[in-house]
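Colleague: Please see the structure below; I have some questions.
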Amino acid sequence: MRQAGRSLPEYRKVRAGIPMLESCRRPDLVAEITLQPVRRHGVDAAILFSDIVVPVAAAGVDLDIVPGTGPVVADPIRTPEDLDRLRAITAADVSYVDEAVRLLVAELGGTPLIGFAGAPFTLASYLVEGGPSRTHAKTKTMMYGQPELWHALCARLAEITLEFLRVQVAAGVSAVQLFDSWAGALSEADYRRYVLPHSTYVLNGLAGTVPRIHFGVGTAQLLGAMGEAGADVVGVDWRTPLDAAVPLIGPGRSVQGNLDPCALFAPWPVVEAEVRRVLAEGRAASGHIFNLGHGVLPETDPDVLGRVVDLIHEASAASQA
């Protein structure tokens, strides 16, 4: 996952005293942080260091990423007039992302770089709530009570997200991931009505360019709908076995996931057994990108992550022999 660097001492050193949004806007720093897990662990792809709110900040939203809290929006979007403050973005608004990707592609050589963006629902939730929420009550209030405003907000966010990803594709990323952190808060009916059209718009807008990955957290009930959104790969969090997820997602799609990040704190024999279980379950899919079922926890021992990568490489080589 994109947070792989958070467990590394070299990440904490290079980020010391630099706010998150500033880190995401400095191409040299983005490149360095993105490369750190590749150097340390020898993973098969790099994931662009960014944050889901980078494009909405570029669109004029006054926000900050508060340590220990997450994105906090100064003036939440609650009315049609508020929506007027959210403008479209151009490539020039996120030129630092273009520069960072080009630096990385040159540095990585043949190692793929995966681009990254937040999905419209999760971005909308932050903008409506004003920050992280356990209940998403204000978000759902708008969805149910002001559906026209809700769809207008999500449509604008879909355009912003699509442009943000197009910049990354044009600069040379090998794949992109659409990350819907909070979609699991919804029922399937609500997801289909209020979210699916907008995620589909983003993913379809990149059809024929690079492989597209679609991931959410707590989305067991949504995997069928997410499989319809247009991605080539559907991410599955650690709660759902991959072999159970495959028939829900539908044919012709690969899966990504899904080791529980907390399993990495267990004794090594337990970690090894869990990794082998996930690999075995992933064979039910036409393709499997081994990953965690969500982000790397900052307290994770980097040496354990390295051993996991080595184990996956050994197991993959043995299965192909």
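Please treat every number below as a calculation from the coordinates, not as lab data. Owing to the predicted nature of the structure, the values given are computational and were not obtained by experimental measurement. Don't worry about glycine lacking a Cβ; one is built from the backbone with ideal geometry, like all the others, and counts go over all protein chains shown.
Colleague: Return the total of residues in segment 34-56 being more than 24 Å from T122 (Cα to Cα) and in contact (Cβ under 8 Å) with a residue 24 or more places away in the chain.
Modeller: So in segment 34-56, the residues more than 24 Å from T122 (Cα to Cα) come out as 35-45.
Now drop any that are not in contact (Cβ under 8 Å) with a residue 24 or more places away in the chain, which leaves 35-38, 40-45.
Number of matching residues: 10.
Colleague: Filter segment 278-313 for residues that are within 22 Å of the chain's Cα centre (by Cα), surrounded by fewer than 18 Cβ atoms within 10 Å (Cβ to Cβ) and within 15 Å of R253 (Cα to Cα) and give the result.
Modeller: The answer is S286, G287.
Colleague: Considering segment 198-209 alone, what residues qualify as being touching a residue at least 24 places away in the same chain (Cβ under 8 Å) and either assigned to a helix (DSSP H, G or I) or on the phi > 0 side of the Ramachandran plot (or both)?
Modeller: So the first thing to find is which residues in segment 198-209 are touching a residue at least 24 places away in the same chain (Cβ under 8 Å), and the list is 198-206, 209.
If the condition is that a residue be touching a residue at least 24 places away in the same chain (Cβ under 8 Å) and either assigned to a helix (DSSP H, G or I) or on the phi > 0 side of the Ramachandran plot (or both), then H198, S199, T200, Y201, V202, L203, N204 are the ones that fit.
Colleague: Just to be sure, is A263 in a helix (DSSP H, G or I) and surrounded by fewer than 18 Cβ atoms within 10 Å (Cβ to Cβ)?
Modeller: On the way: in a helix (DSSP H, G or I): yes; surrounded by fewer than 18 Cβ atoms within 10 Å (Cβ to Cβ): no.
Taking the combined requirement at face value, the residue does not satisfy it.
Colleague: Next question. Would you confirm, using the coordinates I've provided, whether Y191 is surrounded by 22 or more Cβ atoms within 10 Å (Cβ to Cβ), over 16 Å from the mean Cα position of the chain (by Cα) and of a type in the set (S, T, Y)?
Modeller: yes
Colleague: If I filter segment 146-188 down to residues being in a loop (DSSP other than H, G, I, E, B) and without any contact (Cβ under 8 Å) to a residue 60 or more places away in the chain, which single residue comes out as nearest to S199 (Cα to Cα)?
Modeller: S187
Colleague: Give me the pairs, please: first residue somewhere in segment 224-246 and part of a helix (DSSP H, G or I), second residue anywhere and of a type in the set (D, E, K, R), beta-carbon distance under 7 Å, and either six or more positions apart or on two chains.
Modeller: That search, which allows pairs on different chains as well, returns A225/E188; A225/R192; G227/R253; L242/E281; D243/E281.
Colleague: Any residue at all in segment 132-145 that is part of a helix (DSSP H, G or I) and in contact with a strand residue (DSSP E or B) (Cβ under 7 Å, 6 or more places away or on another chain)?
Modeller: Scanning segment 132-145, I find no residue that is part of a helix (DSSP H, G or I) and in contact with a strand residue (DSSP E or B) (Cβ under 7 Å, 6 or more places away or on another chain), so the answer is no.
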